[in-house]
Amino acid sequence: MAYQIKVNKTKDSRLPGVDFKNIPFGKVFSDHMFEADYIDGAWTNPNIRPVEPLAIHPANLALHYGQSIFEGMKAFADHEGHPVLFRPEMHAKRMNASGARMSMPDIPEELFLQALDALVSLEREWIPTEPGSSLYLRPLMFATDEFIGVAASQTYKFLILALPVGPYYSKPVKLIVEDHFVRAVAGGTGEAKTAGNYAASLLPARLAREKGYDQVMWMDAHEFKYIQEVGTMNLFFVFKDKIVTPATDGAILKGITRNSFIHILNDWGYAVEERPISIDEVADAYREGNLIEIFGSGTAAVASQVSLLTYGALDIHFNESNWDMSFKLKQTLEQIRHGLIEDKFGWVVPIEHPVEMA
Ligand code: COI
């Protein structure tokens with residue numbers, strides 16, 4: 001089904017004022033956003049309009065009870081300058097999986113994809129070309145009913161914002177193993193990309209920052225023994241004889257970059273072990289000299305190396321000159337996204353803007 005997406009263009013583009021060589025992550029927005037409203041069981045009024053504040057009723061259900069989900073994805077310019085999206089179908093599916101967990105309606109995949117296509121097509125001049133940069137896309141859905149009672153909303157808003165971004169982490173990160181707070185438990189909402197998971201991470205992250213760390217490494221909620229993720233990224237552990245990433249057991253976000261790295265590693269002949277991995281296994285490997293690198297994977301983070309991991313009294317430092325896998329993965333992903341090497345997995349989707357812009 002082809003959606004009719006109305007377009008109301010700004011008369012006053014902010015593009016000429018943007019310093020693309022110096023973009024802080026998450027603060028610079030393109031001129032336009034996509035918007036659709038879910039009313040009476042259907043998505044209506046798909047449109048693109050200038051980014052501006054929304055009027056929200058104080059009893060908005062999302063503000064009170066947290067029905068709010070989002071995606072993080074990216075558009076790039078390929079080596080000929082044509083805009084492309086990275087794995088948009090997988091993001092559409094994950095958005096709906098998050099929505100199902102939070103009792104929110106599905107967004108038809110065609111609507112999700114056509115909205116992205118139309119928005120990125122309109123905002124293609126906003127795609128930065130500096131190495132490591134991209135147009136970050138933030139699809140977002142939240143409840144819009146005005147009601148002070150714990151219930152699933154009957155109405156929702158679906159927005160997509162576009163932001164030119166550079167790297168999320170500009171240098172390797174320092175992590176501390178969290179031994180008090182928990183992020184998620186299987187059966188909870190840890191697998192959903194929902195606002196509350198991020199809200200719950202803010203206090204532990206602040207306490208970690210006060211001790212000189214960038215983020216916490218989350219442990220399982222039962223024994224504080226098995227590693228989960230970082231919240232902003234999934235984790236990979238490179239040992240001398242194996243590569244391990246925690247199995248997504250219902251408490252860990254099913255990262256699309258994580259999935260892409262596993263495919264690339266398999267293609268290179270590495271069997272990635274997706275299984276529970278304990279912090280003691282990592283500490284023992286470090287003491288025995290078998291731990292080479294730890295890195296995080298995420299849409300925003302891409303591949304971000306860990307320079308220090310603190311586990312109780314143990315500080316795990318790395319020999320940065322041994323880091324190799326994370327660099328190679330990051331470079332390969334960049335090359336696939338920019339059409340510089342064969343996209344053998346079919347991940348890169350060109351922007352075609354077949355959508356009629358009314
Ligand atoms: C992403 O990687 O896209 C996320 O949503 C994580 C957030 C830290 C920016």
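The values are calculated or read from the model by the stated rules, or taken from the named source; none is laboratory data. Keep in mind the model is a prediction, meaning the values are calculated, not measured. Here the Cβ is made from the backbone with ideal geometry for all residues, glycine too, and neighbour counts use every protein chain on show. Areas reflect the complete protein model, heavy atoms only, side chains present, ligands, DNA and RNA absent. Shrake-Rupley method; radii C 1.70, N 1.55, O 1.52, S 1.80 Å.
General remarks:
- Selected residue (only one of 332, 299 is touching a Ser or Thr at 6+ places or on another chain (Cβ under 9 Å) and among the polar types (S, T, N, Q)): 299
- Of all the listed residues (69, 48), the sole one being within 16 Å of the ligand (Cβ to nearest atom), closer than 30 Å to residue 334 by Cβ and β-branched (Val, Ile, Thr) is 69.
- From the options 213, 169, residue that is modelled with pLDDT under 95 and among the aromatic types (Phe, Trp, Tyr): 169
- Residue 123 more than 16 Å from the ligand (Cβ to nearest atom) and within 20 Å of residue 42 (Cβ to Cβ): no
- Residues of the stretch 75-87 satisfying the condition of being within 16 Å of residue 255 (Cβ to Cβ) and in a loop (DSSP other than H, G, I, E, B): 87
- Restricting attention to the stretch 21-43, the residues that are open to solvent by 50 Å² or more (accessible area, probe 1.4 Å) and within 27 Å of the chain's Cα centre (by Cα) add up to 6.
Here's the yes/no breakdown for (1) free of Cβ contacts under 8 Å to residues at least 60 places away in the same chain; (2) within 16 Å of the ligand (Cβ to nearest atom); (3) polar (S, T, N, Q); (4) touching an Asp or Glu at 6+ places or on another chain (Cβ under 8 Å):
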residue	(1), (2), (3), (4)
5	no, no, no, yes
10	yes, no, yes, yes
15	no, no, no, yes
21	no, no, no, yes
35	no, no, no, no
52	yes, no, no, no
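- Failed item in (1) over 15 Å from residue 310 (Cα atoms); (2) open to solvent by less than 60 Å² (accessible area, probe 1.4 Å); (3) more than 16 Å from the ligand (Cβ to nearest atom); (4) touching a residue at least 40 places away in the same chain (Cβ under 8 Å), with residue 227 passing the rest: (1)
- Annotation note: of 291, 314, 329, 333, the sole residue that is surrounded by fewer than 18 Cβ atoms within 10 Å (Cβ to Cβ), hydrophobic (A, V, I, L, M, F, W, C) and outside the structural domain of residue 24 (by TED's automatic domain parsing) is 314.
- Selection of the stretch 275-287 for residues being open to solvent by 40 Å² or more (accessible area, probe 1.4 Å), of a type outside the set (Phe, Trp, Tyr) and either outside any loop (DSSP other than H, G, I, E, B) or modelled with pLDDT under 95 (or both) yields 280, 281, 284, 287.
- Residue in the stretch 200-209 that is within 13 Å of the ligand (Cβ to nearest atom) and either of a type in the set (Asp, Glu) or assigned to a loop (DSSP other than H, G, I, E, B) (or both) present: no
- Taking the criterion of being assigned to a strand (DSSP E or B) and open to solvent by 10 Å² or more (accessible area, probe 1.4 Å), the residues of the stretch 164-186 that qualify are 174, 176, 177.
- Counted residues, the stretch 93-120 - those being part of a loop (DSSP other than H, G, I, E, B) and closer than 21 Å to residue 47 by Cα: 5
- Any hit, the stretch 288-308, residues being over 23 Å from residue 216 (Cβ atoms) and part of a helix (DSSP H, G or I): no
- Selected residue (only one of 92, 118 is touching a strand residue (DSSP E or B) at 6+ places or on another chain (Cβ under 6 Å) and within 23 Å of residue 30 (Cβ to Cβ)): 118
- Residue check, residue 90 within 16 Å of the ligand (Cβ to nearest atom), open to solvent by 50 Å² or more (accessible area, probe 1.4 Å) and either farther than 30 Å from residue 184 by Cα or outside any strand (DSSP E or B) (or both): yes
- Scanning the stretch 118-137 for residues that are out of contact with any helix residue (DSSP H, G or I) (no Cβ under 9 Å at 6 or more places or on another chain) and surrounded by fewer than 17 Cβ atoms within 10 Å (Cβ to Cβ) gives 129, 130.
- Output for the stretch 108-140, where each listed residue is over 15 Å from the mean Cα position of the chain (by Cα), modelled with pLDDT of 95 or more, under 22 Å from residue 16 (Cβ atoms) and of a type outside the set (Lys, Arg): 119, 120, 121, 122, 123, 125, 126, 127, 128
- Residue that is more than 15 Å from the ligand (Cβ to nearest atom) and either open to solvent by 10 Å² or more (accessible area, probe 1.4 Å) or not aliphatic (A, V, I, L, M) (or both), where the choices are 239, 261: 239
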